[in-house]
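A short worksheet on the structure shown next.
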Amino acid sequence: MPFGCAAVLLRYLTGPLVTPAGFGFSCWLGGFIDIISLPVLVPVLVCVALAALRFFPSDVDIGGFTLLWLVPLTFYYSVDRSLLYSPLMLVLVPLLWTTQGLGISFFIGCILKYRRWYVIIPSVLAALVLPLAAATSWWAFYVQQTQIGCLFLFVSLMPALISVIADWYGGKKGYR
């Protein structure tokens, strides 16, 4: 939580890193860096780095760390953007943050658990594509391309859904 509060303070002091001009690539890049993907990638990378430096145990819950980091940032965005009356910032952004946090941590867990090339390569590719798909979903909804937005939202939701089902099934299996 202190990391998330520091991220909010840094976000407040710096403002947006990319100023979008129009609805094209600069808008997508602004969404990727300032709104959708970078706020999730930073806590994931910090958690992985702290686990690699042995400040955290190797079996740390990356998804939980990331989602806990994003709580203060979610409150900041909800207050900062509440006057816009936009469901994109109040509903879609936290949903995409959650899907990325759970999805990327799921893929990292697959890499660490199954050290086989046929698991590592697809997991790395999926972890790299997930932030791009989430940013594209936000951008498509922003430019009112609802069908494309729904398609990329579905792509972004699938890894998180698989992660939740795998955790639930794994937890149920342990109680038998």
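The values are calculated or read from the model by the stated rules, or taken from the named source; none is laboratory data. None of these values were measured; they are calculated from a predicted model. Please note: Cβ atoms are built from the backbone with ideal geometry, for glycine as well, and neighbour counts cover all protein chains shown.
Structure above, values below:
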read-out: Number of the condition not met by Ile104 [criteria: (1) closer than 30 Å to Gly22 by Cβ; (2) in contact with a Phe, Trp or Tyr (Cβ under 9 Å, 6 or more places away or on another chain); (3) buried (at least 22 other Cβ atoms within 10 Å of the Cβ)]; value: (2)
read-out: Condition broken by Pro43, with the remaining ones in (1) in a helix (DSSP H, G or I); (2) surrounded by 14 or more Cβ atoms within 10 Å (Cβ to Cβ); (3) free of Cβ contacts under 8 Å to residues at least 12 places away in the same chain satisfied; value: (3)
read-out: Close pairs from the range 148-167: first outside any helix (DSSP H, G or I), partner modelled with pLDDT under 95 and aliphatic (A, V, I, L, M), Cβ under 8 Å, at least 6 apart; value: none
read-out: Residue within the range 107-120 that is out of contact with any Asp or Glu (no Cβ under 9 Å at 6 or more places or on another chain), under 30 Å from Gly24 (Cα atoms), among the β-branched types (Val, Ile, Thr) and surrounded by fewer than 21 Cβ atoms within 10 Å (Cβ to Cβ) present; value: no
read-out: Residues (part of a helix (DSSP H, G or I) and more than 8 Å from the chain's Cα centre (by Cα)) located in the range 94-115; value: Pro94, Leu95, Ser105, Phe106, Phe107, Ile108, Gly109, Cys110, Ile111, Leu112, Lys113
read-out: Filtered residue count, the range 49-74, keeping only those that are within 15 Å of the chain's Cα centre (by Cα) and over 16 Å from Phe107 (Cβ atoms); value: 7
read-out: Residue that is farthest from Leu161 (Cα to Cα) [pool: residues in the range 54-74 that are hydrophobic (A, V, I, L, M, F, W, C) and either without any contact (Cβ under 8 Å) to a residue 60 or more places away in the chain or not in a helix (DSSP H, G or I) (or both)]; value: Phe55
read-out: Selected residue [in contact (Cβ under 8 Å) with a residue 24 or more places away in the chain, part of a loop (DSSP other than H, G, I, E, B) and under 26 Å from Phe141 (Cα atoms)] from Phe32, Phe23; value: Phe23
read-out: Qualifying positions in the range 121-147 - surrounded by fewer than 19 Cβ atoms within 10 Å (Cβ to Cβ), in contact (Cβ under 8 Å) with a residue 60 or more places away in the chain and under 14 Å from Gln100 (Cα atoms); value: Leu132
read-out: Out of Leu68, Leu95, Leu151, Leu125, sole residue that is within 14 Å of Ile36 (Cα to Cα) and out of contact with any strand residue (DSSP E or B) (no Cβ under 6 Å at 6 or more places or on another chain); value: Leu95
read-out: Any chance Ile108 is at pLDDT below 95 and of a type in the set (Val, Ile, Thr); value: yes
read-out: Failed criterion for Pro16 (all others in (1) surrounded by fewer than 17 Cβ atoms within 10 Å (Cβ to Cβ); (2) in a helix (DSSP H, G or I) hold); value: (2)
read-out: Ser137 vs. criteria closer than 16 Å to Leu67 by Cα, assigned to a helix (DSSP H, G or I) and not aliphatic (A, V, I, L, M); value: no
